[in-house]
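Take a look at the structure set out below.
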Amino acid sequence: MIRTRTVTITAGAAALVVAAGIALTACQSDPEGSSTPTPTLTSPSPTATPSPTEASKSPEDVAAAAAEKAVHDYYAMLDASLQKPDTFNPDDLKKVAIGTALADAQNRFNIIWGQQGLRQNGSTKLTEVTRTSVDLKPSDNVPIVELRVCWDASEVNVVDKDGKSAVPADRKPLGVQRVGVANYDYPDGPWLVAFTEYKDGETC
């Protein structure tokens, strides 16, 4: 049974994501298939052995690295949802988010695209992702990593069907968010963004 954390999201965060239509994400790639033939292996490859550095990492460091990757995947998915909304599968949001973060992402897609018919051009860059805490043995038994995320949306535009920008003139292109990444089936389960909180007034 999935447990959820209750997190209060500020009105500023909701306004930033829904009204302004800002997509918060790292740059994403869309690799195309390669026609390069696969080489034939003449002997089995040896099993990779973790380097001393990797083997010496603490469980907290391993969790933090996985959580940071999950943060990049989450924002990349937010971008993808509005860059090609007519072909995007909303269920894919479940691959990167859970709890209130999933609900926020679904509402964002349904409002900006479903109700307003807007789509996104460009990608928001994550300029800094820093872990602030790691708790692998919380009282609710759901390990969580919290991170401070700085983003730059100066190259993002949200447009209507005629290509007219719907971004307010007073939009702030830089922002900071507190992001919680949880693992409900630790240590084998996926790390998923569980909540985000916009930090109004903070800068990087």
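Among the criteria (1) in contact with a Pro (Cβ under 6 Å, 6 or more places away or on another chain); (2) crowded, with 21+ Cβ neighbours inside 10 Å, the one Leu136 does not fulfil is (2).
Scanning the stretch 142-162 for residues that are out of contact with any Lys or Arg (no Cβ under 8 Å at 6 or more places or on another chain), assigned to a loop (DSSP other than H, G, I, E, B) and surrounded by fewer than 22 Cβ atoms within 10 Å (Cβ to Cβ) turns up Ser154, Asp160, Lys161, Asp162. Restricting attention to the stretch 187-204, the residues being among the aromatic types (Phe, Trp, Tyr) and either more than 13 Å from Ala70 (Cβ to Cβ) or free of Cβ contacts under 8 Å to residues at least 60 places away in the same chain (or both) number 1.
Of all residues assigned to the stretch 165-176, at least one qualifies as being under 24 Å from Ala63 (Cα atoms) and either of a type outside the set (S, T, N, Q) or in contact (Cβ under 8 Å) with a residue 12 or more places away in the chain (or both).
Taking the criterion of being in contact with a helix residue (DSSP H, G or I) (Cβ under 9 Å, 6 or more places away or on another chain) and either under 15 Å from Ser154 (Cβ atoms) or of a type in the set (D, E, K, R) (or both), the residues of the stretch 123-134 that qualify are Ser123, Thr124, Leu126, Arg131. Selection over the stretch 46-84 of residues that are outside any loop (DSSP other than H, G, I, E, B) and either among the hydrophobic types (A, V, I, L, M, F, W, C) or modelled with pLDDT of 85 or more (or both) gives a count of 26.
The values are calculated or read from the model by the stated rules, or taken from the named source; none is laboratory data. Keep in mind the model is a prediction, meaning the values are calculated, not measured. Don't worry about glycine lacking a Cβ; one is built from the backbone with ideal geometry, like all the others, and counts go over all protein chains shown.
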